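Structure, as structure tokens:
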Amino acid sequence: MEKHLQFIQTKLDQMASQNRLRSLQFLSSDYIDFFSNDYLGFSTKGLLHVPSQEISNQWIGATGSRLISGNHPEMIQVEEQFARYLRAPSALLYNSGYMANTGLLSALGDKNSCFVYDEHVHASIKEGMRLGFGSKIAFRHNDIEDLQKKLIAQSKKDLKVYVLTEGLFSMHGDVPPIREILEICARHEAALIVDEAHALGTLGEDNKGLSYSYADHPNLFARIITFGKAAGCHGAMVLGSCLLREFLINFSRAFIYTTAPSSDQVATISASLKLFAARTNSEKLSSIIHYYTALVKEKSTAFSQNPGPIQYWQCADIGLLKQKVEKLKQAGINCYPILSPTVKPGEERIRIILHAFNTKEELSLLIQLLES
């Protein structure tokens, strides 16, 4: 056993020596929130009230996978509701965004397929590709010309090509040129998959995600939405054709071999849809984003100026970065440092998440402390 423990200790020591060791923390809920993904305040501001009658007394726990004992009418109903809301033929519910991405991509990835992905896609997308048998090649972040070159090269190999991007990039906070990407996919017979985890509820037409406007485009193959961000709860769905849904039910291991969601999870997801449809707190979020961009317009280039709620203050000096985080904490502000390998070395940053419930005074204080 000694060599096993030595391996673990060595890996931890390496992280510590680079000042990159992570640890779990319990941060006060009384602090100003500039770090959670609860963009619209559905969760932390108590908006997700679920009437008791919406939770069936026939089931509470899932009891098994959906293919055995865990499937219930309420699950089918919430899938159909979100599919209609986002103009998709069908939807399939997963327990998390990570499972949705790994379940979708590992099932699609056979030896006759190729994934062409934006270099900044989420770790779950990269893991899903790795679990399959397809080849994979990255294109430079939001670089249409590089994507075109990669697709031309792959088109000579007679493969099924999937292009992967995000509606709102989780660490950089920027957005892809979806229309141009779809045009390129159409020219090269590629299928586009968009992870809308952070864009649902924050960006796009009616805040329904960046790709919602192109829901009927023949090359938009699948969309992934998650409920752990703006929806304020937990879980995810893959949106796509009815054929894709049937395929995933039969071949997606992350769906087949996992326990189904519980009744309270399904009821909360359903409640979030009602809040989305009512555009709850959408204008407040938009207002605070506009205030932030106006505030940092003449500031240091270390501050991002993104169109959505994900912003950052960039600093490659990890020691200074952690000092700033501690300074913010002492002032009663919760922010989180993003280190390599989550971002590339040299791109370390403090991630600034804007919310509908943040005030102008809180935002001014944050900017002042980061500049001082």
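Size descriptors for the stretch 324-370, from the alpha-carbon set: Rg then Dmax equal 11.8, 33 Å. Round to a whole number: what % of the accessible area of the chain belongs to carbon and sulfur, probe 1.4 Å? On the chain, the fraction of accessible area on carbon and sulfur atoms equals 53 percent. Over the stretch 118-209, the hull volume per residue, using the convex hull of the C-alpha atoms, is 90 Å³. Among Val78, Val163, Val343, the largest mean-square fluctuation in a Gaussian network model of the chain (Cα springs under 10 Å) belongs to Val343.
Within the set Lys229/Lys329; Lys45/Lys274; Lys160/Lys208; Lys229/Lys344; Lys284/Lys327, which residue pairs have Cα atoms separated by over 19 Å? With Cα atoms farther than 19 Å apart: Lys229/Lys329; Lys160/Lys208; Lys229/Lys344; Lys284/Lys327. With N as its number of residues, the stretch 250-355 has a Cα radius of gyration that, divided by 2.2 N^0.38 Å, comes to 1.46. Between the stretch 317-351 and the stretch 4-50, how far is it from one alpha carbon centroid to the other, in angstrom? Cα centres, the stretch 317-351 to the stretch 4-50: 12 Å.
Direction-averaged projected area, Cα convex hull, the stretch 1-43: 5.2 nm², rounded to one decimal. How many angstrom separate the Cα center of the stretch 173-195 from the Cα center of the stretch 206-233? Going from one Cα centre to the other spans 13 Å.
Between Ala316 and Arg140, take the C-beta separation as r, use R0 = 22 Å, and let me know the FRET efficiency to the nearest 0.05.
0.65
Which of these, Gln314, Gln323, Gln81, has the largest mean-square fluctuation under a Gaussian network model of the chain (Cα springs below 10 Å)? Looking only at Gln314, Gln323, Gln81, the largest GNM fluctuation is found for Gln323. Computed from the alpha carbon atoms alone, the convex hull of the stretch 238-308 holds 177 Å³ per residue.
Scoring 4-16, 107-119 by mean Cβ neighbours within 10 Å over their residues and listing the highest first yields 107-119, 4-16.
What is the projected area of the convex hull of the Cα atoms of the stretch 199-267, averaged over all directions, in nm²? Intermediate values should be presented prior to the final figure.
Numbers: hull surface 21.8 nm².
Reported value for the Cα convex hull: 5.4 nm².
Taking all pairs of different Cα atoms in the chain, averaging 1/r and flipping that mean, what Kirkwood radius in angstroms comes out? List each step's numbers first, then the result.
Details: mean 1/r = 0.0457 Å⁻¹.
When all Cα pairs of the chain are included, the Kirkwood radius is 21.9 Å.
Just to be sure I understand: if I project the alpha-carbon convex hull of the stretch 68-184 onto a plane and average over all orientations, what area do I get in nm²? The number I arrive at for the stretch 68-184 is 8.7 nm².
Counting Lys and Arg as +1 and Asp and Glu as -1, each charge on the Cβ, what is the dipole of the chain about the Cα centre in debye, to the nearest 20?
Working: 38 positive and 38 negative charges, 121 e Å.
Charge dipole, the chain, about its Cα centre: 580 debye, nearest 20.
With both labels modelled 7 Å from their Cα along Cα-to-Cβ, the Ile76 to Ala153 distance reads 4.7 nm.
Going toward the positive end of the dipole of the chain, with +1 on Lys and Arg Cβ and -1 on Asp and Glu Cβ, which of Thr10, Met99, Leu321 do you reach last? Farthest towards the positive end: Thr10. Please report the antiparallel percentage of DSSP beta bridges with both residues in the chain, rounded to the nearest 5. The antiparallel proportion sits near 50 percent. Accessible surface for the chain, divided over its residues, is 48 Å² per residue with a 1.4 Å probe.
In µm²/s, what is D for the stretch 1-157 at 4 °C and 1.567 mPa s, where D = kT/(6 pi eta Rh) by Stokes-Einstein and Rh is the Kirkwood radius from Cα pairs?
Working: Rh = 20.8 Å.
Roughly 62 µm²/s, to the nearest whole number.
Taking 0.36 nm per residue of separation and subtracting the Cα-Cα distance, full extension of the segment from Ile249 to Leu24 would add 77.5 nm.
Which value, in Å³ per residue, describes the convex hull spanned by the Cα atoms of the stretch 94-133?
52
The values are calculated or read from the model by the stated rules, or taken from the named source; none is laboratory data. Source: prediction; values computed, not measured. Here Cβ is always computed from backbone atoms with ideal geometry, including for glycine, and neighbour counts include all displayed protein chains. Accessible surface areas use protein heavy atoms only, side chains included; no ligands, DNA or RNA. Shrake-Rupley method; radii C 1.70, N 1.55, O 1.52, S 1.80 Å.
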